[in-house]
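Presented below is the structure to which this report refers.
The values are calculated or read from the model by the stated rules, or taken from the named source; none is laboratory data. Not measured: the values here are computed from a predicted model. Quick reminder, even Gly has a Cβ in these numbers, built from the backbone with ideal geometry, and neighbours come from all protein chains shown. Heavy atoms of the whole protein, side chains included, go into the accessibility calculation; ligands, DNA and RNA do not. Shrake-Rupley method; radii C 1.70, N 1.55, O 1.52, S 1.80 Å.
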Amino acid sequence: MAMDVNTAKKYPAIGRKKLQLARMQRKQAYDYFETAQQGDQSVQKERYLALAKIAIDKAVELNPMDPDSLNLLARIELEAGHLENAEQAINGALNIHPENGGYHYSAGHIALAKRNLIQAEAAFTTAIRYAPKETRAEVSLAYTLAEAGKDVEAFKHYRELVKTQGEDVHIRSRLLECASRLTADYYDPELEQDLLSYLSWENMNRNPLASLVCSLLVHKFQLNQAGSAANFDDMANCSLLISALQHTLIKSELLEKLIMALRCELLSFSTQKGQLPNQYIPICASIAHYGLRSEYILPTTEAEDNMGSALTKIIDQSLLQVGCTPVDVSGALLLLAMYNTWQCLENYLTLMQFDDASWPNISYSIKKYHDELLTLTKYQFEAITAIPAVFEHAVKGQYEQHPYPRWQTLDYKTPTNYGQALMHEFPNTIFPNHIFSERLEVLVAGCGTGRHAINVAKNFNHVQVRALDISKSSLAYAQHKAKEFSVNNIDFRLADLTQLKRSDKKYNIIECSGVLHHIKDYKTALSGLLLNLKPNGLIKLSLYS
């Protein structure tokens, strides 16, 4: 190891025994550090970090010129939140060995923690140059670019990472988050293939792909207010459109008009032919899935309503025939599902009693969706306030009939401490100590169908969540999903936020997102929430604007 004359004078040669002792202390520090990172309790983590710090300090004292010890000291100090000490240690390691990619990688994470994104980007880029593939610097660089708002560059990096590390859920999640802030400026066939791959990811929230997918489809079909340059068959058999309808949102007025046109054409053509042609089954099923998830928000024409009524009668009559099976009415059921749920059928319960094995694959997933609708009617909830009747409350009435959104997946997040997450979100705010150290009681007021509330319960350590809503249908969907994802530290209650009183149970955190602006008497609702907040507790509010 090269060193200048002054350094050599400051640190004389170290004997073999001392070097061996230093290596032993460094190994012990590393073991303690690894244990600290695996601990899920803050007390245990702090204990092992302290032991690691004692051991690495001894190693550095024995051998001040060991860059590996200085690097480990930097990582321990970083984990403990002592950023200045961490930076001093890693600078010492880099002074000794400036071309070590691992040290630049550590320096990048220290810069990230200090929110110095320019310095972090430079450090990770250097780490990749000196030690390609030896660290996760490629992943950290993509993350840093996204944090810096360089979404196009970040997305480009994540696209490359997915090609080699496609099973990494963290990388998938960050790619999806990046994609949510992008739109396509032109049609790119390679991007289309990548998006098809991303839409096929199971157990991931694919809604963030909506804007990018929709903008690419608009360019592919050359959509404008006058229509499209593409022909019907090209659009109806487009794999990206079919997958988008099944797995993500539609965020385009032009695409909504296209869906309405395709839907009408499919119904008219099939009515004239007396059956749904096989080549149009995939697009028909996809439009049906889109309709179910969007609560059939798209308008219909009088002609479509008349054809739909005739179709409903045909299905009901067929279900009364001896020997009728789901296969016999499968095409008609798919056409109907583009416009309405099967609950509109008089013989709906007869249809739902058919054995699962008797259903064709193409309509079975829609059948399972209706099974879920039947299950939701069985949930009951305790009301902690008086609850108005449906006809007395417009918002309650809307969500009882249309619990929205009918989400399918949770966010992917590494479980963390609620206080640490707040510090990341609001880096210049000082939070009370109990937010970091105590088991937290969290109230989510106006939880709707529960996605955010369940994310809170699942992704934060040591929290107990209570979620309130005025809509029983919404709570039923939320409870069903909590059960599906095995989230047990959450309970759901019916409540009118304007009727909340002071209760024995108070909360460290109250979250109320996208709710108060729907409430005419919002001041009373907010006062009721504050009555149930613990001293030094926090309330998080967000409103649509």
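Annotation note: of GLU134, GLU84, the sole residue that is without any contact (Cβ under 8 Å) to a residue 24 or more places away in the chain, of a type in the set (Asp, Glu) and open to solvent by 50 Å² or more (accessible area, probe 1.4 Å) is GLU84.
Of the set (1) at pLDDT below 95; (2) over 19 Å from GLY81 (Cα atoms); (3) in contact with a strand residue (DSSP E or B) (Cβ under 6 Å, 6 or more places away or on another chain), all apply to LYS413 but (3).
Yes/no per residue for (1) part of a helix (DSSP H, G or I); (2) among the hydrophobic types (A, V, I, L, M, F, W, C):
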site	(1), (2)
GLU192	yes, no
LEU195	yes, yes
ASN205	no, no
PRO208	yes, no
LEU217	yes, yes
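Inside segment 177-231, residues that are of a type in the set (A, V, I, L, M) and open to solvent by 10 Å² or more (accessible area, probe 1.4 Å) make up a count of 10. Taking each residue of segment 350-366 that is more than 18 Å from MET338 (Cβ to Cβ) and looking for partners that are open to solvent by 50 Å² or more (accessible area, probe 1.4 Å) and in a helix (DSSP H, G or I) with beta-carbon atoms closer than 7 Å, six or more apart or interchain, yields MET352/LEU374. Condition test on THR164, is it more than 16 Å from the chain's Cα centre (by Cα), surrounded by 15 or more Cβ atoms within 10 Å (Cβ to Cβ) and of a type outside the set (Phe, Trp, Tyr)? Here the answer is no, as THR164 does not meet what is asked. I need the full set of residues from segment 309-329 which are part of a helix (DSSP H, G or I) and either of a type in the set (D, E, K, R) or at pLDDT below 95 (or both), in order please. Residues satisfying the conditions are LYS313, ASP316.
For segment 245-261, check the following and say yes or no: at least one residue is part of a helix (DSSP H, G or I) and of a type in the set (Asp, Glu). Taking every residue of segment 245-261 in turn, at least one turns out to be part of a helix (DSSP H, G or I) and of a type in the set (Asp, Glu). Of the residues making up segment 340-386, those that are assigned to a loop (DSSP other than H, G, I, E, B), of a type in the set (Phe, Trp, Tyr) and within 29 Å of the chain's Cα centre (by Cα) are TYR379, PHE381. Checking each residue in segment 262-308 for being in a loop (DSSP other than H, G, I, E, B), at pLDDT 95 or above and small (Gly, Ala, Ser) picks out no residue at all.
You will find that of PHE426, PHE431, PHE436, the residue that is of a type in the set (Phe, Trp, Tyr), exposed (fewer than 15 other Cβ atoms within 10 Å of the Cβ) and out of contact with any Cys (no Cβ under 6 Å at 6 or more places or on another chain) is PHE426 and no other.
The listed residues are LEU191, LEU196, LEU175, and the only one of them that is among the aliphatic types (A, V, I, L, M) and more than 17 Å from LEU240 (Cα to Cα) turns out to be LEU175. Please enumerate the residues belonging to segment 387-436 that are among the β-branched types (Val, Ile, Thr), in a helix (DSSP H, G or I) and within 30 Å of LEU249 (Cα to Cα). Scanning segment 387-436 gives VAL390, VAL395. Condition (residue is farther than 17 Å from MET235 by Cα and out of contact with any His (no Cβ under 6 Å at 6 or more places or on another chain)) applied to segment 250-262: is it met by at least one residue? Yes, segment 250-262 has at least one match.
Has segment 96-107 got any residue that is touching an Asp or Glu at 6+ places or on another chain (Cβ under 8 Å), surrounded by 15 or more Cβ atoms within 10 Å (Cβ to Cβ), modelled with pLDDT under 95 and under 25 Å from ASP57 (Cβ atoms)? Checking segment 96-107: not a single residue is touching an Asp or Glu at 6+ places or on another chain (Cβ under 8 Å), surrounded by 15 or more Cβ atoms within 10 Å (Cβ to Cβ), modelled with pLDDT under 95 and under 25 Å from ASP57 (Cβ atoms). Set side by side, the residues ASP305, ASP234, ASP316 differ, and just one is farther than 29 Å from THR449 by Cα and either touching a residue at least 24 places away in the same chain (Cβ under 8 Å) or open to solvent by less than 30 Å² (accessible area, probe 1.4 Å) (or both), which is ASP316. The selection criterion, being surrounded by fewer than 21 Cβ atoms within 10 Å (Cβ to Cβ), under 21 Å from PRO360 (Cβ atoms) and touching a Gly at 6+ places or on another chain (Cβ under 7 Å), does not hold for GLN279. Filter segment 373-397 for residues that are surrounded by fewer than 17 Cβ atoms within 10 Å (Cβ to Cβ) and polar (S, T, N, Q); which is modelled with the highest pLDDT? Top of the filtered list is GLN380. With respect to (1) buried (at least 19 other Cβ atoms within 10 Å of the Cβ); (2) over 20 Å from TYR187 (Cβ atoms), the lone exception for LYS273 is condition (1).
Among strands (runs of 3 or more DSSP E) entirely within segment 451-545, having at least 1 residues that are polar (S, T, N, Q) singles out 463-469, 507-513, 533-542. Residue pairs whose Cβ atoms lie under 9 Å apart, separated by 6 or more positions or on different chains, with the first residue in segment 482-507 and more than 18 Å from LYS472 (Cα to Cα) and the second exposed (fewer than 11 other Cβ atoms within 10 Å of the Cβ), are LYS506/PRO535.
Applying the condition of being of a type in the set (A, V, I, L, M) and exposed (fewer than 15 other Cβ atoms within 10 Å of the Cβ) to segment 330-372 and asking which residue is nearest to MET307 (Cα to Cα) yields LEU349.
Residue-wise test of (1) at pLDDT 95 or above; (2) surrounded by 13 or more Cβ atoms within 10 Å (Cβ to Cβ); (3) under 27 Å from ALA137 (Cβ atoms); (4) not hydroxyl-bearing (Ser, Thr, Tyr).
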{"site": "ALA2", "(1), (2), (3), (4)": "no, no, yes, yes"}
{"site": "VAL5", "(1), (2), (3), (4)": "no, no, no, yes"}
{"site": "ARG26", "(1), (2), (3), (4)": "yes, yes, yes, yes"}
{"site": "GLU34", "(1), (2), (3), (4)": "no, no, yes, yes"}
{"site": "ILE76", "(1), (2), (3), (4)": "yes, yes, yes, yes"}
{"site": "GLY92", "(1), (2), (3), (4)": "yes, yes, yes, yes"}
{"site": "ILE110", "(1), (2), (3), (4)": "yes, yes, yes, yes"}
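Going through (1) open to solvent by less than 20 Å² (accessible area, probe 1.4 Å); (2) within 22 Å of ASN532 (Cβ to Cβ) one by one, ASN459 falls short only on (2).
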